[in-house]
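Read-outs throughout are calculated quantities, based only on the coordinates presented, and are distinct from any laboratory measurement. Being a predicted model, the structure only gives us computed values, none of them experimental. Please note: Cβ atoms are built from the backbone with ideal geometry, for glycine as well, and neighbour counts cover all protein chains shown.
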Amino acid sequence: MTSVNTSNLRISADRLWSSLMEMAEIGKTARGGCNRQALTDEDKQGRDLFMAWCDAAGCDISVDTMGNIFARRSGRDAALPAVIAGSHLDTQPTGGKFDGVYGVLAGLEVIRTLNDNKLETEHPVEAVCWTNEEGARFSPAMLGSGVWSGEFSLGYGHNRTNKEGQTVLQELQRIGYLGPAECRSKPLRAAFEVHIEQGPILENAGLQIGVVGGVQAIGWYDLVIEGMPCHAGTTPMEVRRDPVMALYVILDKLYQVADDFKPRARITFGDIRTEPGSRNTVPERVTVTVDMRHPERTQVKYMEQLMREIVRNECGKLRLAGEVREELDSPAISFNDDCIRAVRNAAGALGYSNMQMVSGAGHDSVYVSRVAPTSMIFIPCEGGLSHNEAENARKEDLEAGCNVLLHAMLEMAAQ
Ligand code: GLV
Ligand code: MN
Ligand code: MN
């Protein structure tokens, strides 16, 4: 392939767009988004469609014991490590059409483009779908790529349990995606992930491409406060051991922590649940999910320490049992210099305006980067909005990101 000039090669924007729109039909919501949470019937349908497309593109497909899907287009030398493009097909409960899906279908679009042009690469090329990136139905996030990279054991991955008590293993079996391949990293030449930015930086700067140098640190915790259930009408306020009484002070103080660490800190309480969840019973227990982020892991750890102190103090005042359980400790990541350069070179050669940036969101590339040279490509999304049914991206930006992916992959795959 080294003899072939590929500089004029481009992906098909129409085909990429129509694949995205067809996938978006699966789990589509009334407000124009997608609810295709990990290992649901909708996720199965999305995976089946992706597999059928990969099959039609002539790929060798393998599914591993975490349900990760690898669709391989052979290279000239089967012994050489592959260049992969991967992301996820699962969504948030009120997710959009592009988060994750774009990265998976862009990988497929690269393979389709190579097929159209009958181009042979030295290294094999793969489109990859990672299982449960979102962490919405099963915590933590980036689970499939986490097990594959060795961050989590297979047993840990299989035993993650959702709110209904179903495990990842049971749900993989139920939807037919407990594959036979071992879930374990193999040597890779390079790994890329193209994704919508999910924030407003590129749009505000009027730029087409984000060359992603790394990802900020993320801490996930479950805050559990236990008190004493009792009658809402008969129990005087001053004798109650009500976990919600402590919670509202704790949340106020944690928002203050976010303020103290501004502008780069983020703290989110995405799911607050009381039990037994009855209007006229003072709750026995409240469980709150906490998501803390900062570009520096030491700052996340410092915020975590402050949270533990606040919980201890406020629960102590009301004779409540408070506990903070860590669910995810995703460190700040710096991507591989060669892969970053390949993305920057591709964007430059294609004439797309670009800047280097750090990802505010977590991605499968965080774990993939532990075992393989990795980097990411961002494109703008409307209003910087994501994890929202109104999430939107322009066809020409999706095209630009996929063309950068194509040329970054070609640079690494041809050598
Ligand atoms: C992934 O969606 C994240 O939470 O950053
Ligand atoms: Mn994503
Ligand atoms: Mn997401």
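Taking every pair of alpha-carbon atoms in region 294-396, give the share separated by more than 16 Å as a whole percent.
The proportion of pairs with Cα distances above 16 Å equals 72 percent.
From the Cα trace of region 1-94, what convex hull volume per residue do you get, rounded to a whole Å³?
Measuring per residue, one finds 131 Å³ for the Cα hull of region 1-94.
If one takes the longest principal axis of the Cα atoms in the chain, at what angle in degrees, from 0 to 90 and to the nearest 10, does the Cα axis of helix 395-414 lie?
Roughly 60 degrees, rounded to the nearest 10.
Which links in Lys186/Lys301; Lys28/Lys395; Lys44/Lys186; Lys186/Lys262; Lys28/Lys118 stretch past 28 Å when you go from one Cα to the other?
Table pairs above 28 Å Cα-Cα are Lys186/Lys301; Lys186/Lys262; Lys28/Lys118.
I'd like to compare 356-368, 182-194: which one has the highest average count of other Cβ atoms within 10 Å, and what's the full order after that?
Most protected by this proxy first, the peptides run 356-368, 182-194.
How much of the DSSP beta bridge set in the chain is antiparallel, as a percent to the nearest 5?
In the chain, approximately 65 percent of DSSP beta bridges are antiparallel ones.
Please build a GNM for the chain, connecting alpha carbons under 10 Å apart, and tell me which residue among Ile196, Ile225, Ile333 fluctuates the most.
Answer for the Gaussian network model of the chain: Ile225.
Could you work out the relative contact order of the chain? I mean the mean sequence separation of Cα pairs under 8 Å and 6+ apart, divided by the number of residues, in percent.
Relative contact order for the chain comes out at 24 percent.
If the cut-off is 14 Å between C-alpha atoms, which aspartates and glutamates fall inside it for Lys163, apart from same-chain ones fewer than 8 positions away?
Glu171, Asp222, Asp271, Glu275
With the convex hull built on the Cα atoms of region 269-344, state its orientation-averaged projected area in nm².
7.4 nm²
Work out, in µm²/s and without decimals, the Stokes-Einstein translational diffusion coefficient of region 33-87 at 25 °C, 0.890 mPa s, Rh from Kirkwood over C-alpha pairs.
Result for D is 192 µm²/s.
Convex hull over the alpha-carbon atoms of region 192-253: what's its volume per residue in Å³?
Expressed per residue, the convex hull around the Cα atoms of region 192-253 is 186 Å³.
What is the pair-distance distribution P(r) of region 152-296, computed from all Cα-Cα distances in 5 Å bins starting at 0, with each bin given as a whole percent?
Calculated over all Cα pairs of region 152-296, the distribution is 2, 7, 10, 11, 12, 14, 14, 12, 9, 5, 3, 2, 0, 0 percent.
Taking the Cα centre of each part, how many Å lie between region 380-409 and region 116-178?
With region 380-409 and region 116-178 each reduced to a Cα centre, they are spaced 23 Å.
How big is the gap, in Å, between the Cα center of region 69-84 and the Cα center of region 16-51?
One Cα centre to the other: 26 Å.
List the aspartates and glutamates whose Cα sits under 13 Å from the Cα of Lys97, skipping any in the same chain fewer than 8 residues away.
Glu22, Glu25, Glu382, Glu389, Glu391
For region 353-415, state the average projected area of the convex hull of the C-alpha atoms over all orientations, rounded to one decimal in nm².
Value for region 353-415: 5.5 nm².
Would you mind ranking Asp260, Asp329 by Cβ crowding within 10 Å, fewest neighbours first?
Asp260, Asp329
Show that you can apply the helix-only estimate: for the chain, add -39,500 (n - 2.57) for every DSSP H stretch of four or more residues, divide by all residues, and state [θ] at 222 nm to the nearest 500.
The helix-only estimate for the chain comes to -11500 deg cm²/dmol at 222 nm.
Might you report the magnitude of the Cβ-based charge dipole of region 1-77 about its Cα centre, with Lys and Arg at +1 and Asp and Glu at -1, to the nearest 20 debye?
It comes to approximately 280 debye.
Can you give the direction-averaged projected area of the convex hull of the alpha-carbon atoms in the chain, in nm²?
20.2 nm²
At a 4.7 angstrom Cβ threshold, list every cysteine in the chain that has nobody to pair with, or say none.
Unpaired cysteines in the chain: Cys34, Cys129, Cys183, Cys230, Cys315, Cys339, Cys381, Cys402.
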